[in-house]
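Take a look at the structure below.
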Amino acid sequence: MGQGYTERTYQARRLDISVDRPYEEFRRQYEQAVPPYDAAAFDALVARDAPWDDVLALMRERAPHDFLIYWSSGDLRPMMSLAGDAGNPVEYLMGNHTIAEKMYQHDPTAMLYAPLRTMIGDGPGGGARFVIEQPSRMFGSFGVDAIHEVGVQLDSEVAALLAHLGVPVPEELSN
């Protein structure tokens, strides 16, 4: 077997959505709609070698809007203010491992983009902003129809989350 590599290029689409609410209010609403991942609960399933149906049930229970927060940078403002920078950016890794598994089974490297990376920050005019790359673009880059279909599903689920939060839903997520 020889060494080598493959290369895939794709065009990302970053969606930067203005929110008509103050940053702190929108951040609080987002974190209520997308609760934190409870590692202990899911680790208990692994420890008892639970059937996948138990994982699906726990995800349905814990992620009412299909997503959990796996990680958050917390408030970056204190560190960035040392350089004189302003703003309130918070990064998140938001996902659903039961959805990710639908891609993993075809190509585990799809996990490069799962969970989804999102950001909430200050927006224009005193509001907030929500930023995410369109999932179907990222997952479509694998060239596997089943993975791309999950990316399209994620577009729809992000659209539903935004609608729940009362945020404008970009047309790209609804097509």
Legend entry - Value of [θ]222 nm, deg cm²/dmol, for the chain, DSSP H segments ≥ 4, -39500 (n - 2.57) each, nearest 500: -12000 deg cm²/dmol
Legend entry - Compactness index (Cα Rg / 2.2 N^0.38 Å), the chain: 1.12
Inset, instruction - Using only Cα atoms, find the angle between the long axis of helix 52-62 and the longest principal axis of the chain, and express it within 0 to 90 degrees, rounded to the nearest 10. - result: 10 degrees
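How do the peptides 100-109, 64-73, 87-96 rank, highest first, by the average count of neighbouring beta carbon atoms within 10 Å per residue?
Numbers: 100-109: 15.1, 64-73: 17.5, 87-96: 19.1.
Highest to lowest by the protection proxy: 87-96, 64-73, 100-109.
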Inset, instruction - For an R0 of 30 angstrom, estimate the FRET efficiency from the Cβ-Cβ distance between A50 and D75 and round to the nearest 0.05. - result: 0.25
Legend entry - Cα radius of gyration and Dmax for the stretch 93-175 (Å): 13.4, 44
Legend entry - Gap separating the Cα centres of the stretch 18-80 and the stretch 107-175, nearest whole Å: 16 Å
Inset, instruction - Treating the angle as unsigned and between 0 and 90°, give the value, to the nearest 10°, between the Cα long axis of helix 23-33 and the longest Cα principal axis of the chain. - result: 30 degrees
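No lab work stands behind these numbers, since they all come straight from the coordinates. It should be emphasised that the depicted structure is a prediction, and the values quoted were computed from it without experimental measurement. Every residue, glycine among them, receives a Cβ derived from its backbone with ideal geometry; neighbour counts consider all protein chains shown.
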